[in-house]
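The values are calculated or read from the model by the stated rules, or taken from the named source; none is laboratory data. Since the structure is predicted, the reported quantities are computational estimates derived from the model, not experimental observations. Cβ: placed from backbone, ideal geometry, glycine included. Neighbour counts: every protein chain shown.
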Amino acid sequence: MQLLYDKTENGIRKNEKERKHDMEIKRVKGKGLLCVILVFNVLLLSLYGCAMGNDKADQEQNMESGANPAGGTNTELESDNNLDAEQGAEAAENSRITFPDEFKDTIGNVTFNMDIVVDTDLTDSIVTAKAQMQKVNREKAFQLFFGDIPTYDTYDYEEEDEYGETVHQVTYVSPEETTFSYGPQSSKFDFMKRNLMPYVLTAFVPFHDERYNADLYGTETQLSFMSCEDAFETVQNALKEMNIQIEASYTGYALDYETMRSQEHHEDIDGNQDRSQYKKQWTAVDDCYYFYINQTYKGLPVYYVQNEDFTDPEDINAPIQAVVSEKGIEWLNIGRVYAISDEQDGVSLADMDSVVKTAAEQCNQLSGDAAYEVTKAELYYYVDLSSGMGTYDVKPVWILSGCEKGGKKIQIVIDAQTAVLV
């Protein structure tokens with residue numbers, strides 16, 4: 001074994017025994033230090049465990065008492081959420097488009113004593129859109145209305161559809177003179193039974209002429225064979241079968257046979273009363289509902305000008321008209337109905353003052369001496385048939401109606417976005 005020698009201050013060398021003694025002292029001191037370190041670590045772990053236990057207990061206690069671990073209480077968090085909801089509702093209310101219920105003023109020769117009609121909640125966006133005519137499923141329509149008729153005559157002809165294309169047309173006529181036809185426009189359709197309709201059309205006169213009598217028939221009256229709502233559902237189901245699906249509003253007149261019998265009127269080609277054409281007998285079986293069905297879009301009525309003779313949006317120009325008796329649909333006529341798709345959401349509308357100013361300028365330019373009264377302004381979606389062929393622009397418009405003082409009706413259509421004449 002090699003001896004190790006250490007020098008002391010006195011130059012005395014330590015032998016192996018002394019060196020081992022020194023090492024034992026150092027080992028004992030080292031154990032003491034290790035024990036101290038271990039005790040310190042145990043103390044730290046104990047403190048950390050207590051802290052964790054306290055945090056967990058606090059969290060459980062906080063959850064039971066409604067406290068929010070992130071700071072604050074759950075009640076405070078709910079209050080914040082309620083505040084956000086209230087602020088959101090307030091923002092929505094502030095952004096809502098609003099118009100007064102009425103407008104009264106006189107501008108030049110025009111008196112505005114005007115109700116303002118908006119048939120939808122304008123918290124929903126007003127849009128511009130595109131429209132194409134819906135297409136009748138001709139096969140299903142034929143099966144529904146003419147499928148049980150074994151023999152019939154056909155009359156063929158050609159006309160142009162809404163795209164300017166020549167299409168083949170057919171009218172079907174049964175021996176009982178029940179008729180069925182469709183086109184040339186995609187949505188156009190007509191079906192009529194001849195055993196009742198000629199008499200109904202002379203006994204019910206909704207046109208404003210000397211024979212007008214629509215006010216003799218109730219729009220709230222229920223006939224014995226079926227409710228008005230159920231009769232309208234019969235028409236709706238037929239439209240769906242034919243692939244015509246629209247939002248709609250309707251007016252249903254209850255035509256009772258006794259009133260029709262008293263109002264029936266026929267004339268010959270010279271305009272004289274013709275008794276030979278009168279219905280031989282009226283009975284309760286002839287009771288029926290007459291429906292005017294108008295298309296709506298996003299809650300607003302849809303308006304279009306087919307030609308200069310049908311510019312008035314009144315019921316008599318409704319695009320769908322139908323008559324329902326206890327025997328089913330007696331007559332169904334479909335004109336122009338549209339499939340409409342949004343193009344731009346949230347368009348801005350001009351204020352009512354601007355709309356009224358445009359109307360006043362138009363009336364005052366018509367005649368310097370005439371006086372006018374405007375009694376109603378109603379918001380519509382307008383299908384502009386002059387904007388294309390087959391595909392059309394749709395935009396919001398105001399239709400103002402009234403009369404020249406003295407009787408003549410007036411109607412003014414104004415772009416709701418720009419307040420200019422349409």
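Table for the structure above
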quantity	calculated
Single residue of T296, T358 found to be surrounded by 15 or more Cβ atoms within 10 Å (Cβ to Cβ), polar (S, T, N, Q) and more than 28 Å from V235 (Cβ to Cβ)	T358
Top-ranked residue of the range 207-231 - restricted to ones that are touching a residue at least 60 places away in the same chain (Cβ under 8 Å) and within 24 Å of F145 (Cβ to Cβ), ranked as surrounded by the fewest Cβ atoms within 10 Å (Cβ to Cβ)	F225
Test result for E343, modelled with pLDDT under 90 and out of contact with any helix residue (DSSP H, G or I) (no Cβ under 6 Å at 6 or more places or on another chain)	yes
Residue list for the range 413-422, restricted to those being crowded, with 16+ Cβ neighbours inside 10 Å and among the aliphatic types (A, V, I, L, M)	V413, I414, A416, A419, V422
Extreme residue, nearest to Y381 (Cα to Cα), among residues of the range 402-422 that are at pLDDT 95 or above, in contact with a Phe, Trp or Tyr (Cβ under 9 Å, 6 or more places away or on another chain) and assigned to a loop (DSSP other than H, G, I, E, B)	A416
Subset of the range 278-288 [surrounded by fewer than 18 Cβ atoms within 10 Å (Cβ to Cβ) and assigned to a loop (DSSP other than H, G, I, E, B)]	Y278, K280, Q281, T283
Flag if E314 is in the same structural domain as E162 (by TED's automatic domain parsing) and without any contact (Cβ under 8 Å) to a residue 40 or more places away in the chain	yes
Scope the range 162-194; condition surrounded by 14 or more Cβ atoms within 10 Å (Cβ to Cβ) and touching a residue at least 60 places away in the same chain (Cβ under 8 Å); matching residues	E162, Y163, Q185, S187, K188, F189, D190, F191, M192, K193
Flag for I329 being surrounded by fewer than 22 Cβ atoms within 10 Å (Cβ to Cβ) and either outside any loop (DSSP other than H, G, I, E, B) or under 22 Å from the mean Cα position of the chain (by Cα) (or both)	yes
Breaking point among (1) within 26 Å of E162 (Cα to Cα); (2) not in a strand (DSSP E or B), for Q321	(2)
Pair list, Cβ under 8 Å, 6 or more apart: the range 331-358 residue under 30 Å from K193 (Cβ atoms), other residue exposed (fewer than 15 other Cβ atoms within 10 Å of the Cβ)	G335/Q306; R336/Q306
Test for E264: is it more than 21 Å from P319 (Cα to Cα), touching a helix residue (DSSP H, G or I) at 6+ places or on another chain (Cβ under 9 Å) and acidic (D, E)	yes
Residues of the range 242-277 classified as in a loop (DSSP other than H, G, I, E, B), without any contact (Cβ under 8 Å) to a residue 60 or more places away in the chain and surrounded by 14 or more Cβ atoms within 10 Å (Cβ to Cβ), total	1
Residues of the range 363-412 that turn out to be of a type in the set (A, V, I, L, M) and either more than 30 Å from K135 (Cβ to Cβ) or surrounded by fewer than 19 Cβ atoms within 10 Å (Cβ to Cβ) (or both), as a count	10
The listed residue being at pLDDT 95 or above, closer than 23 Å to T178 by Cα, out of contact with any strand residue (DSSP E or B) (no Cβ under 6 Å at 6 or more places or on another chain) and not small (G, A, S), out of Q236, Q222	Q236
Restricting the range 341-356 to residues that are part of a loop (DSSP other than H, G, I, E, B) and out of contact with any Pro (no Cβ under 9 Å at 6 or more places or on another chain), the residue that is farthest from V127 (Cα to Cα)	D351
